[in-house]
Amino acid sequence: MTTTHRLCLVLGDQLSLDLASLQGLDAERDCVLLVEVMEEASHVPHHPQKIALVFSAMRHFAQELQQRGIRVHYVALDDPRNTGSVPGELQRWHSQLQPSELHLTECGDWRLEQSLKQCGLAIHWHADSRFLCSRGEFSRWAQGKKQLRMEFFYRDMRRKSGLLLNGDGSPVGGAWNFDADNRKALPKGLRPPAPARFAADAITQEVLALVAKHFPHHYGRLDSFDYPVTRADAQSLWQYFLDWGLAAFGDYQDAMASNEPFVFHARISAALNIGLLDLRQLCSDVEAAYGSGTVALNAAEGFIRQLIGWREYVRGVYWLKMPDYAHGNVFGNSRSLPPFYWSGETRMNCMRQAIGQSLEHAYAHHIQRLMVTGNFALLAGIAPSEICAWYLAIYMDAFDWVELPNTLGMVMHADGGYLGSKPYCASGQYIKRMSDYCTGCAYKVSESTSEDACPFNALYWHFLMRHADLLRGNQRLALIYKNLARMPESRQQALWQRGQHLLATLDAGQPL
Ligand code: FAD
Ligand code: SF4
């Protein structure tokens, strides 16, 4: 038997050949371990398509490593010796192979990283160089700041990466941020491109059968799985977006439309988060598309801002603030998540569309997550832990480091405004402006207090009234509180009562 010098554990979201812990492997003496475990697949009821994506991509990655001459030990979910947890498998293989060294790149989940740090084995930890900003660099940037602002962090990342900068270090186009140009609704007659679809090969089919067998009670459709599971297919998905999506991405970034689950979005987050795509390559492709004149600056800057601004920023906040961050609940919310989040069975068309496509594709784009399902949870006072668990379960791209700050911080404002300067609360008017959802809805968006009035309207004012002590002093909400103060007392009461009625309906377990 060959003795093992170095054993590298590669997790399901670390499928990159340039992963720090995989560098300098000796094909003769070292080996890689990949494990499919029940604990990671079921600590929340992950969407079956997400489990299939991760397991299939892991199996393809193992093959890719083997083709490069690297020794790989692969543990399938249904292997009878599988202990069911990552630390359990690491301990089992450690005693079997007796390696001189164990190597691992830092995790994307605080819970898992802690359990590995406490499993009694000496591990050489590697920083995750797939990100532009390391954990240490972010914490140095945040030091001494009471509140963080993504915009300032983003400018530093632009300077660091050199993306979209003039020779003198100023931003191309004379401004750092063109978000104001990126808020158009989809005009009638403009159809987004059909999504790129990827057929399941033999490995994926085997995984789909495994997932169907072991996770029959998890929410979401499995048979519509069409995601890329290899580096080459993920690259094709990316190229498809460059060819057909990026030019319109800027203008229609915030637009929503019935039966258009993807609009002009890239759908690459899952592939990027598990390591099939490279952040720096994506950014330089987008910069090159702008340089060649194929896309406008608001599209290129908007996309790059999401990647090196928001994505890096939420990761920084996560690692800076965990584990306390997960318990933030500044509004003291305790309401249970309404069951229709798991079924899509509600008369609110916007919610039905956003939840329906999430169950079907494990995907919703940013504005649906923020301003529809997230906005509703904020206004209805859902317990942060329940809504965070839902987002972590339902989306293909959801990993704790990125899901938690987006949900708990950006959507629920449960961190008291550490991540974002104000809650993203909105009435039905916002949804009406940015979508066609209201025309197909059982509720009337123009009404607020009648029996068939849009629930978002009264809940919006109810939210502002019940949290006035906490929010009234927020400069960015000053105008809204002025409008509230000017409202006749009778109108305020009617809104409050309608809000109370809607919340009581939810508390009775009834759908809206
Ligand atoms: P596009 O709209 O085409 O955007 C391009 C890329 O920018 C995305 O692929 C993503 O990598 C990055 N990006 C954009 N916004 C963000 C952001 N706020 N945080 C991090 N990355 C961003 N994204 C995840 O990857 N995983 C999550 O678990 C996740 N949970 C979210 C939960 C909530 C409540 C909200 C409001 C947003 C969440 N996001 C999450 C961010 C964003 O919604 C998704 O990245 C995006 O919808 C993915 O689709 P896309 O690839 O088509 O993105
Ligand atoms: Fe959503 Fe209200 Fe519009 Fe219906 S009327 S789609 S509930 S915003």
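Some notes on this structure:
- Just one of the listed residues (Ala393, Ala398, Ala389, Ala414) is under 19 Å from Ala326 (Cβ atoms), part of a loop (DSSP other than H, G, I, E, B) and either of a type in the set (Lys, Arg) or under 13 Å from the mean Cα position of the chain (by Cα) (or both), and it is Ala398.
- Restricting the first member to region 461-475 and to residues that are charged (D, E, K, R), and the second to residues that are in a helix (DSSP H, G or I) and crowded, with 16+ Cβ neighbours inside 10 Å, the beta-carbon pairs closer than 7 Å and six or more apart or on different chains are Arg472/Tyr481.
- Lone unmet requirement of (1) over 21 Å from Val286 (Cα atoms); (2) touching a residue at least 24 places away in the same chain (Cβ under 8 Å); (3) surrounded by fewer than 17 Cβ atoms within 10 Å (Cβ to Cβ); (4) within 22 Å of the chain's Cα centre (by Cα) for Phe152: (2)
- Of the residues examined, Cys425 is one that is out of contact with any strand residue (DSSP E or B) (no Cβ under 8 Å at 6 or more places or on another chain) and within 16 Å of ligand 1 (Cβ to nearest atom).
- Against the numbered list (1) under 26 Å from Asp18 (Cα atoms); (2) in contact (Cβ under 8 Å) with a residue 24 or more places away in the chain, Arg159 comes up short only at (2).
- In the set (1) more than 16 Å from ligand 2 (Cβ to nearest atom); (2) touching a Phe, Trp or Tyr at 6+ places or on another chain (Cβ under 9 Å), the condition left unmet by Thr373 is number (1).
- Filter pass, Arg347 being of a type outside the set (A, V, I, L, M, F, W, C), over 28 Å from Ala175 (Cα atoms) and surrounded by fewer than 22 Cβ atoms within 10 Å (Cβ to Cβ): yes
- Each residue in region 353-386 was checked for being free of Cβ contacts under 8 Å to residues at least 40 places away in the same chain and more than 20 Å from the chain's Cα centre (by Cα), and 0 of them qualify.
- Count of region 422-460 residues which are more than 14 Å from ligand 2 (Cβ to nearest atom) and in contact (Cβ under 8 Å) with a residue 60 or more places away in the chain: 0
- Met412 vs. criteria closer than 29 Å to Ala270 by Cβ and within 16 Å of ligand 2 (Cβ to nearest atom): no
- Selection within region 54-86 - under 25 Å from Ala362 (Cα atoms) and either exposed (fewer than 15 other Cβ atoms within 10 Å of the Cβ) or of a type in the set (Gly, Ala, Ser) (or both): Ser56, Ala57, Ala62, Ala76, Asp78, Gly84, Ser85
- Extreme residue, nearest to Asp469 (Cα to Cα), among residues of region 332-341 that are more than 13 Å from ligand 2 (Cβ to nearest atom) and touching a helix residue (DSSP H, G or I) at 6+ places or on another chain (Cβ under 8 Å): Asn333
- Under the condition of being more than 16 Å from ligand 1 (Cβ to nearest atom) and of a type in the set (Ser, Thr, Tyr), the residues counted in region 321-372 number 4.
- Restricting Pro323, Pro338 to those that are touching a residue at least 40 places away in the same chain (Cβ under 8 Å), over 26 Å from Gly428 (Cα atoms) and more than 15 Å from the chain's Cα centre (by Cα) reduces the list to Pro323.
- Applying the criterion of being more than 17 Å from the chain's Cα centre (by Cα) and among the β-branched types (Val, Ile, Thr) to the residues of region 7-55, the residue that is farthest from Met396 (Cα to Cα) is Val32.
- Matching residues in region 219-239 - criterion: being within 22 Å of Leu277 (Cα to Cα) and either touching a Lys or Arg at 6+ places or on another chain (Cβ under 9 Å) or of a type in the set (Gly, Ala, Ser) (or both): Asp226, Tyr227, Val229, Ala232, Ala234, Ser236, Leu237
- Check on Ala398, outside the structural domain of Trp110 (by TED's automatic domain parsing), within 16 Å of ligand 1 (Cβ to nearest atom), among the hydrophobic types (A, V, I, L, M, F, W, C) and at pLDDT 95 or above: yes
- Restricting region 241-257 to residues that are more than 16 Å from ligand 2 (Cβ to nearest atom) and in contact with a Lys or Arg (Cβ under 7 Å, 6 or more places away or on another chain), the residue that is farthest from Glu301 (Cα to Cα): Tyr252
- Scanning region 477-512 for residues that are in a helix (DSSP H, G or I), among the hydrophobic types (A, V, I, L, M, F, W, C) and more than 16 Å from Leu464 (Cα to Cα) returns Ala504, Leu506.
- Across region 121-149, the number of residues qualifying as surrounded by 12 or more Cβ atoms within 10 Å (Cβ to Cβ) and within 16 Å of Val317 (Cα to Cα) comes to 13.
- Here Ala255 fits the description: over 16 Å from the mean Cα position of the chain (by Cα), within 12 Å of ligand 1 (Cβ to nearest atom), buried (at least 17 other Cβ atoms within 10 Å of the Cβ) and not aromatic (Phe, Trp, Tyr).
The values are calculated or read from the model by the stated rules, or taken from the named source; none is laboratory data. If you're wondering where the values come from, they're calculated on a predicted model, not measured in any experiment. Here Cβ is always computed from backbone atoms with ideal geometry, including for glycine, and neighbour counts include all displayed protein chains.
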